[in-house]
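Inspection log for the structure reproduced underneath, given as structure tokens.
The values are calculated or read from the model by the stated rules, or taken from the named source; none is laboratory data. As the structure is a computational prediction, the values presented were derived from the model and not from experiment. FYI the Cβ positions are ideal-geometry reconstructions off the backbone, even for glycines, and counts take in every protein chain you see. Only protein heavy atoms, including side chains, enter the accessible area calculation; ligands, DNA and RNA are left aside. Shrake-Rupley method; radii C 1.70, N 1.55, O 1.52, S 1.80 Å.
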Protein chains: 4
Amino acid sequence: MELRAGWPSWKDRVFGLLHPDDDDTAAKLLNSFLATLIVANVAAAVMSTVESVQARYVGTFGVFERVSLMVFAVEYAARVWTADVHRGHLQPWAARLRYVVSPLALIDLVALLPLLFGLLSAGDLVALRALRLLRILSLLRLGRYSKTLQLFGRVLRGRAEELFVTVTLVLVLMLSAATLMYLAEREAQPQVYASIPQTMWWAIVTLTTVGYGDMFPQTILGKILGGTIALFGVGLVALPAGLLASGFAEEMGRMREERESEELGLLAQEKAATATWSYCPHCGEKLPAPPSAP
Amino acid sequence: MELRAGWPSWKDRVFGLLHPDDDDTAAKLLNSFLATLIVANVAAAVMSTVESVQARYVGTFGVFERVSLMVFAVEYAARVWTADVHRGHLQPWAARLRYVVSPLALIDLVALLPLLFGLLSAGDLVALRALRLLRILSLLRLGRYSKTLQLFGRVLRGRAEELFVTVTLVLVLMLSAATLMYLAEREAQPQVYASIPQTMWWAIVTLTTVGYGDMFPQTILGKILGGTIALFGVGLVALPAGLLASGFAEEMGRMREERESEELGLLAQEKAATATWSYCPHCGEKLPAPPSAP
Amino acid sequence: MELRAGWPSWKDRVFGLLHPDDDDTAAKLLNSFLATLIVANVAAAVMSTVESVQARYVGTFGVFERVSLMVFAVEYAARVWTADVHRGHLQPWAARLRYVVSPLALIDLVALLPLLFGLLSAGDLVALRALRLLRILSLLRLGRYSKTLQLFGRVLRGRAEELFVTVTLVLVLMLSAATLMYLAEREAQPQVYASIPQTMWWAIVTLTTVGYGDMFPQTILGKILGGTIALFGVGLVALPAGLLASGFAEEMGRMREERESEELGLLAQEKAATATWSYCPHCGEKLPAPPSAP
Amino acid sequence: MELRAGWPSWKDRVFGLLHPDDDDTAAKLLNSFLATLIVANVAAAVMSTVESVQARYVGTFGVFERVSLMVFAVEYAARVWTADVHRGHLQPWAARLRYVVSPLALIDLVALLPLLFGLLSAGDLVALRALRLLRILSLLRLGRYSKTLQLFGRVLRGRAEELFVTVTLVLVLMLSAATLMYLAEREAQPQVYASIPQTMWWAIVTLTTVGYGDMFPQTILGKILGGTIALFGVGLVALPAGLLASGFAEEMGRMREERESEELGLLAQEKAATATWSYCPHCGEKLPAPPSAP
């Protein structure tokens, strides 16, 4: 990160530590440490639901959780404090507010709740302790993977229309399948195919091809219907996933090409000349473009 | 929608309400209301099959269904009445007939049947009441999603030949698999693998990878056969879905490119110069091209 | 089909009937009739395995099968007789032999076996009667679908190397998975995971995602192993199918482009100038190119 | 392979035998023999876990295994001895060391362990005898398939970033799904949904669509959760496999194009002029480029 003259160097140093460059060893080490701590924390939260493990290590888990929550609280405060460094076009309070309401920051905040309310020491509220598991999402922000994650979001937005239509089609298909199956099987298996919502479970389990085997047609009509629905529905249900995958692959290809062009110095100049905004390399936010060098 | 001078303005106004433009707030509100009513109606139809819910809200469901059926009847009448607005090249009665026999209009009509025959009040004919569920398909007509739906139809037509061949191959494969499996297992499990049609159920459930577990080979020969069939068949059965997905993705890409070209004004002129027909933006029907401006 | 002067017109007429052109109504009718007869025959063969149906219609089935076998025998003879019409570069007997050993003709011959040996009347040799089911493959030869089928064969050949490698990888993966699972589970479930070949059934059922539920790991180690294998193996096992689908889509696109170019008359001339052989439009065989017109 | 003058011809001859050219019949025969021996060996190892087979052929298996292990030991020694033939830029010992630590050579060595330690004769250590199964991986080195295998590795490396992100996303999704499901079902099925790690088994089996049926939600909340997770999760879990498949297809296309260009002699000259290194056709290692011909 280029330091802008005139900013207090302490804040810039902290910001630099949290957003590692390619040649900042200290920042890289800090990020690796935080990543390891997150993974260890999630692993501890997961293992503490195993009774035999929990009975044995309850004290160790408690200490480890409290210590790491402190670390995460400090990290959160540092991120809020330095949130205005790369948002020079905003007032500091506005820059911080924008950071606080960004999705990943909200997840961080929720994952800190157990600390704020002392829930960890209080007792056995499993559901609330599960909040800590959210922390694993923070992993996605660390290092260079945030770029690919932004790309993923871009694909979701870019294909929003197709995804909406195909998902609607899938839901309509599932509802129709469940209705037909309910009509065909409710007399032979009145306990299992008891209503359309209950038959929806069959439709989802069948059309995603999971097929647990807890519900399947037993009449001839039901089998003919179910077979036809499975044969033609399975492809349709896989359509949104296929669209997403092809969109992702396409966008990755475009990104790779752009990177290659940039390396050749062709695109960079063009872009600089025409862009009025750019994506922040640190948070993926749209920022006004800096005045191009003369 | 551009109003054509000379048409009665009331009909045009109704037509405009039913086919919302980008800047017609009233039409947008009406469409949102109709969409919400459809979803609520389908939800009520689905929930009324749950016995405990039905027992409690039978009165509410009855009133709601009758009221919304009235609204849908009025909507249907209005659509038929204004069906000639954008089909200026046809006689009014021909334009209306063409609308009435279009797939979505037929679905609307069928979904109105319960009203016409008073079936709702009459009794417990579940199958006939299920007709109301068809209404959810109307959702697909509303707003801008009709365009993507037309695209879907175009892909289906454009790949018809490949789809036919691969679906035939899949059916042939399934029939062969069922025959071989029937021969291999009918002695070990005479009740389960009782005939080729019954073994078809195994073939479908296996080759779509649903795998309920109600039928599986138990002899060594049957397992070798079944394993080989699964290994090689699963890919072939997924082929039509893959073709559909790739066709869809390709067509979407072409549509996006065209839209971009159109925005640049390149394609629009070319098209206007050569086209002798165009797709109606409201219903996707082929219409004769309007005389191009001099 | 262009008739070549000098050939006996009877043979050419029969050949034309069996290989319908776009404007030969009689040939089209004959082909539709044969297709219907094949489908009806296969349906009868399938339904005759259902005991209740067989008991009732055993006489009807017998007559229908004998009559249609006669028709198919006549068709087979006609195809062999006229096999030299479009293979002018070969001796008649060589042309006929080449036809007789082509895959679809061999299938036809096998499907005629029940007639030759009188097996149908003889008795209950189910396995031999199942041969008639092979006839459904003949459907693929009729009409214009043979072209797409040839395309399918071309894709298989064109991707042979990748398919071989990925299929080998899949088999290696399955063998490794079965070995590891056998080692992990054979003590907990000695009856089920009794040997590596028996555990292969688990590997196939899991990695194709069929998942019947007749075999699954029950130890902790087995579940960790099985979960890891499923997570990473499922994608690899789907690879050959994905390659096939993408190859098919690509080849179809190329074919469509070529057809468009041909319609513009661009490619046709080029081709005619350089080609020394061409694919016969009737059987997909490589034939020496006819001398191009001056 | 072009022999470089100055090298002892015996070593070159052995090297040539192990790395068959297109026109070296002896080398091809040797490779076919080795491939057959590997397959036979693996088949014997697999079949020896079937009790009835093992009881009957224990002597035959023992002799066959010892003999073929000798052959493989000689092959391994020959490969190490000739490892410096195509690594002319390295000291002989460095070339041999590099070969010994390459993945396939390590696998060969591990597969030879049973010979070195006499384990085969010693007893019933099934796990150690399973090492022989590793030998099947050697198949991938033989002949021309090594090229496609290298391609596979290149795709894995080229898409490493996307794969890492999507795999992380999948793991995060699975962990979240398991946590939610554990909270929803642990009271209704305390034995089955006993902890988050145990619920992970459900998440993997569901999201890979295997669906054994040993674990599935039974409460209404659990079914709603499970259905939603299945509907949206299945597509995400299939994403890495889709990326891999599209990457593989793309890379194959590029390879095919390059080969075609090379055949036209266009690319070859360009390459020779600029390349400072090349991939060894025998082992896929990067080697310094030979001085281009004047």
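Of everything in segment B:162-171 that's without any contact (Cβ under 8 Å) to a residue 60 or more places away in the chain and either in contact with a strand residue (DSSP E or B) (Cβ under 6 Å, 6 or more places away or on another chain) or open to solvent by 10 Å² or more (accessible area, probe 1.4 Å) (or both), which residue is farthest from A:THR219 (Cα to Cα)? That would be B:PHE164. Could you say whether any residue in segment A:179-190 is at the interface with chain D (Cβ under 9 Å from one of its Cβ atoms) and either touching a residue at least 24 places away in the same chain (Cβ under 8 Å) or open to solvent by 10 Å² or more (accessible area, probe 1.4 Å) (or both)? No; the residues of segment A:179-190 include none that is at the interface with chain D (Cβ under 9 Å from one of its Cβ atoms) and either touching a residue at least 24 places away in the same chain (Cβ under 8 Å) or open to solvent by 10 Å² or more (accessible area, probe 1.4 Å) (or both). On the given criteria, is A:GLU65 assigned by TED's automatic domain parsing to the domain that holds A:PHE33, of a type in the set (Asp, Glu) and at pLDDT below 85? Against the criterion (assigned by TED's automatic domain parsing to the domain that holds A:PHE33, of a type in the set (Asp, Glu) and at pLDDT below 85), A:GLU65 qualifies. For D:ASP23, state whether it is touching a helix residue (DSSP H, G or I) at 6+ places or on another chain (Cβ under 8 Å), more than 30 Å from C:TYR182 (Cα to Cα) and either not assigned by TED's automatic domain parsing to the domain that holds D:PRO114 or not β-branched (Val, Ile, Thr) (or both). Taking the combined requirement at face value, the residue does not satisfy it. In this structure, B:LEU225 does satisfy being touching a helix residue (DSSP H, G or I) at 6+ places or on another chain (Cβ under 7 Å) and surrounded by fewer than 19 Cβ atoms within 10 Å (Cβ to Cβ).
Would you be able to say whether some residue in segment A:47-68 is over 30 Å from D:GLN191 (Cα atoms), among the aliphatic types (A, V, I, L, M) and either out of contact with any Gly (no Cβ under 9 Å at 6 or more places or on another chain) or assigned to a helix (DSSP H, G or I) (or both)? Yes, because at least one residue in segment A:47-68 is over 30 Å from D:GLN191 (Cα atoms), among the aliphatic types (A, V, I, L, M) and either out of contact with any Gly (no Cβ under 9 Å at 6 or more places or on another chain) or assigned to a helix (DSSP H, G or I) (or both). Segment A:182-291 holds helices (runs of 4 or more DSSP H) entirely within its bounds, and those carrying 1 or more residues that are modelled with pLDDT of 75 or more and over 28 Å from the mean Cα position of the chain (by Cα) map to A:196-207, A:220-237.
Kindly indicate whether A:LEU243 is more than 10 Å from chain D (Cβ to nearest Cβ) and either crowded, with 16+ Cβ neighbours inside 10 Å or of a type in the set (Lys, Arg) (or both). No. In this structure, is C:LEU34 assigned to a helix (DSSP H, G or I), within 26 Å of B:MET174 (Cα to Cα) and in contact with a Phe, Trp or Tyr (Cβ under 9 Å, 6 or more places away or on another chain)? Here the answer is yes, as C:LEU34 does meet what is asked.
Does segment D:67-79 hold any residues that are farther than 18 Å from D:ALA27 by Cβ and surrounded by 14 or more Cβ atoms within 10 Å (Cβ to Cβ), and which are they?
Of everything in segment D:67-79, those that are farther than 18 Å from D:ALA27 by Cβ and surrounded by 14 or more Cβ atoms within 10 Å (Cβ to Cβ) turn out to be D:SER68, D:LEU69, D:ALA73.
Among residues of segment A:201-218 being touching a Leu at 6+ places or on another chain (Cβ under 9 Å) and more than 7 Å from every other protein chain (Cβ to nearest Cβ), the one that is surrounded by the fewest Cβ atoms within 10 Å (Cβ to Cβ) is A:PRO217.
Matching residues to (1) of a type in the set (A, V, I, L, M, F, W, C); (2) modelled with pLDDT of 80 or more:
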site	(1), (2)
C:VAL58	yes, yes
C:PHE61	yes, yes
C:HIS89	no, no
C:ARG96	no, yes
C:SER102	no, yes
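Restricting D:ARG4, D:ARG13 to residues that are of a type outside the set (S, T, N, Q), at pLDDT below 85 and not assigned by TED's automatic domain parsing to the domain that holds D:GLY88 narrows the list to D:ARG4. Counting only residues that are aliphatic (A, V, I, L, M) and open to solvent by 30 Å² or more (accessible area, probe 1.4 Å), segment D:85-100 holds 3 of them.
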